[in-house]
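A.B. asks: Please find one structure pasted underneath; my questions will follow.
The values are calculated or read from the model by the stated rules, or taken from the named source; none is laboratory data. As the structure is a prediction and not an experimental result, all values here were calculated from the model. When we count neighbours, we look across all protein chains shown, and the Cβ atoms used for this are built from the backbone with ideal geometry, even at glycine. Accessible surface is based on the protein model in full, side chains and every heavy atom, while ligands, DNA and RNA are left aside. Shrake-Rupley method; radii C 1.70, N 1.55, O 1.52, S 1.80 Å.
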Amino acid sequence: MNIRLRILWITLSLLTGTLFLYSAYTKLFPIQSFEYTMTDQVHLPHIVAAIASRFFIGLECSLGGMIALHFFGRNKWVLKSAFVLLVIFSLYLIWLWATAGDNVNCGCFGDAIVMKPSVSLLKNAGLLAIIGLLIKYHKGLNYKWVNVAAATLLVCTIASTYIFFPIFNRYTIDLTTLYTDNKDFVPAIDLTKGKHIIAFLSPSCIHCRRAALKMHELKQHNPNIPFFMVIGGTNGDLKDFWKASNAQDMPYTRLAEAPFRKYTHNIFPTILWVNNGKVEADVSYPELNQQVIEKWMAAAN
């Protein structure tokens, strides 16, 4: 083979694989954003979206890695699988364009790159053409062990997405204590109805203060974000807490130490995403992301 053509196929394989890997990465961090995209745009139930999102991310990541490594497998099944995956994604984009218009983010690169369905279809068309050429002209690595290695990598990568990013098990939280056993600090809103991000914070905890500060900053950008703080302890002065967090404009209640620790299991800050009394996520404050929160707010119940 002409050395220039060989360099061309190697380069195209590396670039294609890298693009697949980057696409998987942007969907993975944070994975909740991709889940909400699937529930909002494809109207999948939460559990189905959670399972499907991890499968597609793992598949995309493994195919990208193998293409970059030139692990094409027997009869180039890796490249053919990537081709079929792109066709499936393209059919989805056509459906999305027809039902939601061309001014929505298709989610192909998560929230990292906002891309319209029409632009993503052009991207996919180019990738399909490149993969078609690779299938026809590029042999990749032809060692006997490559097929076994490719199959092993595929299974391990998909399984890893479920292991390292486990599906959150929704559960019902009993918030009646805030209303029945908390007479002096009854919340002014009904936290059992609608969507609320409830943060259980200890006023003396530095991480709780940082969490409150971040929520305050996010609230400044979008006043509609339904943050609510449950501050542990009912007697201490909150002056230092407000000074560190600037969160005195946020809705909050106070709660006696015993029930507070029962809710938090002595881990705080505890930040729960509650939808009609069901906890749908339990996140740390660095994971609070305005775009993800807004997707969750917009997603159907």
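A.B. asks: With just the Cα atoms of the chain, tell me how far they stretch along each of the three principal axes, in Å, largest first.
C.D. replies: Computed over the chain, the largest-to-smallest principal extents equal 81, 41, 32 Å.
A.B. asks: At a 1.4 Å probe, what is the % contribution of carbon and sulfur to the accessible area of the range 1-45?
C.D. replies: 68
A.B. asks: Would you work out what percent of the accessible area of the range 128-222, with all protein chains in place, is carbon or sulfur (probe 1.4 Å)?
C.D. replies: Result for the range 128-222: 62 percent of the exposed heavy-atom area is carbon or sulfur.
A.B. asks: Using only DSSP helix segments of four residues or longer, with each worth -39500 (n - 2.57), what per-residue ellipticity at 222 nm results for the chain after dividing by its residue count and rounding to 500?
C.D. replies: The per-residue figure over the chain is -18500 deg cm²/dmol.
A.B. asks: Quick check: Cα centre of the range 236-296 to Cα centre of the range 92-135, how many Å?
C.D. replies: 37
A.B. asks: Kirkwood Rh and Cα-based Rg: tell me the resulting Rg over Rh for the range 214-253, rounded to two decimals.
C.D. replies: Values: Rg = 10.7 Å, Rh = 10.9 Å.
On the Cα set of the range 214-253, Rg over Rh gives 0.98.
A.B. asks: How about the chain: what cysteines have no other cysteine beta carbon under 4.7 Å from their own?
C.D. replies: C61, C106, C108, C156
A.B. asks: Excluding ligands, DNA and RNA, what is the solvent-accessible area per residue of the range 27-151 at a probe of 1.4 Å, expressed in Å²?
C.D. replies: Per-residue accessible area for the range 27-151 comes out at 47 Å².
A.B. asks: Classify the range 1-140 as rounded, prolate or oblate, taking a ≥ b ≥ c as the square roots of the eigenvalues of its Cα gyration tensor: rounded when a/c is under 1.5, otherwise prolate if a/b is larger than b/c and oblate if not.
C.D. replies: Here the range 1-140 falls in the prolate category.
A.B. asks: Please report the antiparallel percentage of DSSP beta bridges with both residues in the chain, rounded to the nearest 5.
C.D. replies: Bridges in the chain are about 60 percent antiparallel.
A.B. asks: Now a separate question. Measuring with a 1.4 Å probe in the full set of protein chains, what accessible area per residue, in whole Å², belongs to the range 183-227? Numbers along the way, then the final one.
C.D. replies: Numbers: 2290 Å² over 45 residues.
Each residue of the range 183-227 exposes 51 Å² on average to a 1.4 Å probe.
A.B. asks: Still on this structure, please answer the following. Can you give the accessible area per residue of the range 246-301, in Å², using a 1.4 Å probe? Provide the component values of the computation, followed by the final result.
C.D. replies: Details: 2770 Å² over 56 residues.
Value for the range 246-301: 50 Å² per residue.
A.B. asks: OK, next. If you wrap a convex hull around the C-alpha atoms of the range 181-301 and split its volume per residue, what is the figure in Å³? Working shown, then result.
C.D. replies: On the way: hull volume 12.3 nm³, N = 121.
Considering the Cα atoms of the range 181-301, their hull volume per residue is 101 Å³.
A.B. asks: Note the angle between two axes, namely the Cα long axis of helix 46-68 and the longest principal axis of the Cα atoms of the chain, as a number of degrees from 0 to 90, rounded to the nearest 10.
C.D. replies: The angle comes out at about 40 degrees.
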